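Step one of this worksheet: look at the structure below.
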Amino acid sequence: MTKSINTSGVGSAINRVEGHLKVMGKAKYASEFPIENKVYGQGINSTIAKGEIVSIDTSEAEKLEGVLKVITYKNAEKLKTLEGVRPEIATDTIAPVLQSNKVHYFGQYVGLVVAETFEQAQYAASLVKFEYKKDPSAVIDFEKSRSKAYTPDNDSNYSRGNMDQGLAEADMVVEQTYNTPIEHHHPMELHAVIASWDNGKVTAYASQQIIEDAKIAISGTFQIPKKDVRVISPFVGGGFGSKLNLDRHVIMAVMASKMVDRPVQVTVTRTQMFTNTNMRQQNEQKMRVGAKKDGILTALSHETLSHTSTTQEFQEPCGMVSKMLYNVANNEVTYKLIPMNMQTPFAMRAPGEATGSFALESAMDEMAWKLKMDPIEFRIKNDTQTDLHEERPFSSRLLVECLRIGAEKFGWKDRKPEPRTNKKGNWLIGYGVSAASRNSPYQKTHSKVILELDEDKVFATIQMDATDIGTGSYTIIAQTASEYLKIPVEQVNVELGDSDFPITPGSGGSWGAASFCNGARAACENAIKTLKNNRNIAQDEEVAVSELLKKNQLTKFEAEGMAEPSAEFEKYSVFSFGANFSEVWVDKDTGMYRIKRMVNVASAGKILNPKTAYGQIIGGLTMGVGMVLAEQTRVEPNFGNFITRSFADYHVPVNLDLANIDVIFLPEEDKIANKMGIKGIGELGITSVAASVSNAIFNATGKRMRDLPITPEKLIEAGLEEGVTA
Amino acid sequence: MRPFTYTRANNKEQALQAFTATSHYLGGGTNLVDLMKEDVERPDQLIDVNNLDYKKITSNDKGGLTLGAMLSNSETANNKEVRTNYPLLSMAMLSAATAQIRNMASNGGNLLQRTRCPYFFEVSMPCNKRDPGSGCGALNGMNALHAIFGYSDSCIATNPSDMCVALAAIGATVEVQQADGTSRMIEFTDFHRLPGDRPEKDTTLSQGELITAIHLPKAEFSDHYYYLKIRERSSYAFALISVAAGLQVESGVINKAGLAMGGVAHVPWKLTKAEEFLAGKKPTTENFEAAAELEMKDAKPFEANKWKVDMGKNAIVRALTQAFEREV
């Protein structure tokens, strides 16, 4: 047990240590570095879904003042290309671009114009004329392409027990299909890069979540040694998974820099962020749930039909929640993918859980209604302390506590179980609940600490290639150093986002906090251990770090550290848990609804900083509200383009859409998860929010909504007249 | 963005004189500049009319108010006279866009707002409004958000304005400066036009005509009014359906009704039949429902926007009910 010596250590709700830089505009994001001699690249996107480029006319563009180069497949450098049929996409996958005249989807990059100014590049890009030969076999309609679905060969299909038997044993069966549309990450900061090629050495200021993987992807794509690539990304204005891997604008910028011999900046436009920087694909999830009259689950199956691109494979693990959340002996999870002429989908906030929990937690609510059981009691009845999928105990699981404490705080006892019985004027009022779980991975992390003695004060600098994607990494790492070095946080300086620093897994998958902080802890502990050993001081003797430096006659000292999952960790299943409660008011005539209150209870290990943790949860809840309220990318059925092209069309929630949000963190330290007891939190917040709102809408209106987003027109189509249609 | 010439006019003479066939007047620019960035609008010249002296709200000889064309939407909607006497207009205007956009957008510009049809915005798609003769992509494409009244095979787009729906209900008049230096008055219902076979023309303005003012008649709906805007989020969203309802009620009888609908046609859709039906009747739910039925039975929805008929009916009844029940 570590004990905080002041208010700035782990667990204190301090302000963000880099906050002042952000409000003063001094935090430099990728496109803001003042690189001398910089020029601008503007990507050009295809306007057909499938086919070939027949001819390209660059003459008009090249005539324009300031235009340095128009790059297309005709003059692009040859890059390493993807091998095999639809290879699986990962965070370090290469990103070849402009390599042939083939077009695989609407919006694919087909060219890059490089010019002295951003405006010149943009205008010139509009003047490059492409003539295409359209291939009418483009697969752009999900509904009409079911027959093309295949089973991905990635071991994701799973079963235990016997589903048929489980369903036969059941007194009640729920069999329903839940749909979620294409969604986009849309972090505030546009994807951007400033790349320079200097005698075979690449420097890229790039907005990326994982520095090391960006480096691997650049070196792999250009087939140059990893040591010749440097990636710098000190501040990232949000990622949500869209910046996990390296997207093709970075490769185009590096290539262009090589060709024009100047640093090249490429900023992806908001419209291009629909087609060129990842997305969450459409999912059709069929659920079958069987239960005994007393509420004991007998069977649960989760079949997901999604789509990938025609060139790469990605499959969102929607069924993951159904494998581990409840105590059910007979369980089946399957996946099918339709290769479509669209960009390759990739991880978006809580991949698997965000969408899978909508299906599972809606189906659980449907079953509770059928059984005439309270949905909380139904869930508690089927709780398990063992992960039946991994066949391992959970390192800690406080789901029941989350549900009970949330119910108390929310006032669940006031809920009227019968739909349409809680009314006020034109409003139909409903309460909804859902359980949340999120895998809490933890990965090998290196870091370095530099101690400097100034009078009696020790100043520490922590370096690691970790990123702060708006989550608070700088702050919690500084708090960790403060805790383990026992110095005030004001004396800690954290330097992140540079591939010259020690390697970390970067930000993603909610592993950042646990990995980064344990990595920083290891460096700090090593520093102290070494300083003590050098002077034969017993390890358990309490000596201030300033004294240790003095005793070593040092004014500066560096130490490295590494943290990784223990053997103990591997014996357990490590998840964060939570519960969501919503009160929703639905207008009986217009189909508009207001989410009046939300309560979220999170059991997510040691809370490093309640303020940044709270920010993570309310950010997740907000994105969850977006899923249920409005977010959807629509595909034009004849052309295959996205008709949602900007924030005017792709609706994310506004402040007025969010109501009172209460977040409660259960006090917990999971020492099995890691030494500091930290679990993931970034993706727990979005998980099952949509189901809690949808379940509340059912309780309010008696109409079960199974297609996200739940818009006024869908509620009108469902019919808001009297009656319950379960 | 394509290069263009920027000209600042300091008076109407300069503006009219500078105008050419490929010019656009520039007001707040909140719609025009966006469309230029998208390469949808391609003017060779922008004539900035922000310096023109059309920024006042004055009383007119009809006993109503006259709104300067260059006044911002925010200043108009928050003006005390407007709020007191034309709360329906104020309510509609404040439901539109965001505070930042309303601060920039001009009254004249709001009348010229172009459709949000996605085929209009994506230049590689067919669109008769953007590129006459190229076809209508929405007709056999994605038309869940398109018109249910007054459309043609050439265009099924809707007008996106909130302000215009209220102006149609109130019965405003638009004053425009003609190229020859004289002015003319256009009844609000004649200002926007149905697409017919010329959907590229949103309004009945002639080339170079400049909107200078919007004249409001004597206030009639300051006690009973409601602007209902149905949308999927609480702000910064165009209406799925909107209804502007104004009622003048005396001794329990409707003297006059002003009604218009947004999100259903190429123009702010004036509900004349419902207005006529309600005049002289009691403000009852039955009458409101009958009025809604009378209008919506003429709707010709597509498969994907059938919901607009049901939602439209509910919206008319609700807006009338809210307008009537408003506590004076």
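The alpha carbons of the protein assembly as shown occupy a box of 98, 74, 61 Å along the principal axes, longest dimension given first. Output wanted: per-residue J couplings in Hz (rounded whole) for segment A:622-638, from phi through Karplus 6.51 cos²θ - 1.76 cosθ + 1.60, θ = phi - 60°, x for Gly and Pro. Per residue, the Karplus-derived 3J(HN,Hα) values read 5, 5, x, 4, x, 4, 7, 7, 7, 5, 6, 9, 9, 9, 6, x, 9 Hz. When the helices of chain A are scored as -39500 (n - 2.57) per DSSP H run of n ≥ 4 and the total is divided over every residue, the value at 222 nm lands at -7500 deg cm²/dmol. In segment B:5-50, Cα pairs under 8 Å separated by at least six residues give a relative contact order of 58 percent. How many angstrom separate the Cα center of segment B:91-162 from the Cα center of segment A:223-301? Using only Cα atoms, the two centres lie 32 Å from each other.
Between the listed residues A:446, A:677, A:43, the Cα displaced farthest toward the positive end of the dipole of the protein assembly as shown, a dipole computed from Cβ unit charges relative to the Cα centre, is found at A:677.
Summarising the amide proton neighbourhood of residue B:255: residues at separation of 5 or more, or on other chains, whose placed amide H is nearer than 5 Å comprise B:248, B:249, B:250, B:280.
Ordering A:264, A:689 by the number of other Cβ atoms within 10 Å of each residue's own Cβ, fewest first, gives A:264, A:689. The charge dipole of segment B:5-50, taken about its Cα centre with unit charges on the Cβ atoms of Lys, Arg (+1), Asp and Glu (-1) only, comes to about 160 debye. When +1 charges are put on Lys and Arg Cβ atoms and -1 charges on Asp and Glu Cβ atoms, the dipole computed for segment A:577-629 relative to its Cα centre reaches about 220 debye.
Counting Cβ atoms of other protein chains within 10 Å of each residue's Cβ and taking the mean over peptide A:710-716 gives 6.
Note on segment A:646-693 and segment B:1-67: Cα centroid distance 46 Å, given to the nearest whole angstrom. Just the number: Rg to Rh for segment B:224-325, Cα atoms, Kirkwood Rh, two decimals. My calculation puts Rg/Rh at 0.97. Of B:226, B:86, B:119, the residue with the greatest mean-square motion in the GNM of chain B, using alpha carbon springs below 10 Å, is B:119. Among A:466-478, A:714-726, the peptide with the highest mean count of other Cβ atoms within 10 Å heads the list, and the full ranking is A:466-478, A:714-726.
With 24 Å as the limit on Cα-Cα distance, the pairs of B:55/B:273; A:372/A:416; A:227/A:532 that go past it are B:55/B:273; A:227/A:532.
The relative contact order of chain B, computed from alpha carbon pairs under 8 Å that lie at least 6 residues apart in sequence, is 17 percent. Please list, or write none, the lysines whose alpha carbon is within less than 17 Å of the alpha carbon of residue A:102, excluding same-chain residues fewer than 8 places away. Here the lysines satisfying the reach criterion relative to residue A:102 are A:50, A:74, A:78, A:80, A:129, A:133, A:134.
Taken about its Cα centre, the protein assembly as shown carries a charge dipole of roughly 440 debye when the Cβ of each Lys and Arg holds +1 and the Cβ of each Asp and Glu holds -1. Per-peptide packing, taken as the mean over residues of other Cβ atoms within 10 Å, places A:512-519, A:572-579, B:199-206 in the sequence A:512-519, A:572-579, B:199-206 from highest down.
Which of A:380, A:48 comes first, and how do the rest follow, when ranked by fewest Cβ neighbours within 10 Å? If you can, show how the numbers build up before the last one.
On the way: A:380 16, A:48 24.
Going from sparsest to densest Cβ surroundings: A:380, A:48.
Taking every residue in B:118-130 and counting other chain Cβ atoms within 10 Å of its Cβ, the average works out to 3.
Note on residue A:151 and residue B:131: with the Förster distance fixed at 60 Å, the Cβ-Cβ geometry gives a FRET efficiency of about 0.85. The gain in end-to-end length when the residue A:611 to residue A:413 segment is fully stretched comes to 68.3 nm, 0.36 nm per residue minus the alpha carbon separation.
Straight-line cross-link reach from residue B:201 at under 22 Å between alpha-carbon atoms covers these lysines, not counting any fewer than eight positions away in the same chain: B:37, B:129, B:270. Taking chain B as a Gaussian network of alpha-carbon nodes connected by springs under 10 Å, the highest mean-square fluctuation of the residues B:109, B:262, B:29 belongs to B:29.
Peptides A:241-250, A:72-81 ranked from most to least packed give A:241-250, A:72-81, packing being the mean of other C-beta atoms within 10 angstrom over each peptide's residues.
P(r) for chain B: what percent of alpha-carbon pairs falls in each 10 Å bin, starting at zero? For chain B, the pair-distance distribution reads 6, 27, 35, 24, 8, 1, 0.
Along each principal axis, taking the top coordinate minus the bottom one, the Cα set of segment B:5-50 gives 31, 20, 12 Å in descending order. Counting Cβ atoms of other protein chains within 10 Å of each Cβ in A:640-648 and taking the mean gives 4.
Selection among B:221, A:360, A:513 by position relative to the dipole of the protein assembly as shown gives B:221 as farthest towards the positive end (Cβ unit charges, Cα centre).
The Cβ shell under 10 Å around residue A:288 holds other residues with a net charge of -2, Lys and Arg each +1, Asp and Glu each -1. Fewest-first ordering of A:318, B:136 by other beta carbons within 10 Å of each residue's beta carbon gives B:136, A:318.
The phi-based Karplus calculation (6.51 cos²θ - 1.76 cosθ + 1.60; θ = phi - 60°) puts the 3J(HN,Hα) values of segment A:565-578 at x, 7, 4, 4, 3, 5, 7, 10, 9, 10, 9, 9, 10, x Hz, whole numbers, x for Gly and Pro. Remark: relative contact order (chain A) = 16 percent; criterion is Cα-Cα distance under 8 angstrom and separation of 6 or more residues.
Residues of segment A:380-413 with backbone nitrogen within less than 11 Å of a virtual label 7 Å along the Cα-to-Cβ line of residue A:571, please, listed as ranges. Correct set: A:393.
Non-local lysine pairs in segment A:604-726, meaning eight or more places apart or on different chains, with alpha-carbon distances under 15 Å, amount to 5. Amide H contacts for residue A:310 (H built 1.01 Å from N in the peptide plane; partners 5 or more residues away or on another chain; cut-off under 5 Å): A:340, A:342.
Rounded to whole numbers, the Karplus 3J(HN,Hα) couplings from phi for segment A:709-717 are x, 8, 9, x, 5, 5, 5, 5, 4 Hz, using 6.51 cos²θ - 1.76 cosθ + 1.60 with θ = phi - 60°, and x at Gly and Pro. Positive-end ranking of B:19, B:9, B:35 along the dipole of segment B:5-50, with charges on Cβ about the Cα centre, is headed by B:9.
Here's the list of aspartates and glutamates a cross-link from residue B:282 could span, going by alpha-carbon distance under 12 Å and ignoring same-chain residues fewer than 8 apart: B:250.
The numbers here are math on the coordinates, done by the rules we state, and not lab data. What you are looking at is a predicted structure, and each value in this text was computed from that prediction instead of being measured. With ideal geometry, Cβ positions are generated from the backbone for all residues, glycine too; neighbour counts draw on all protein chains shown.
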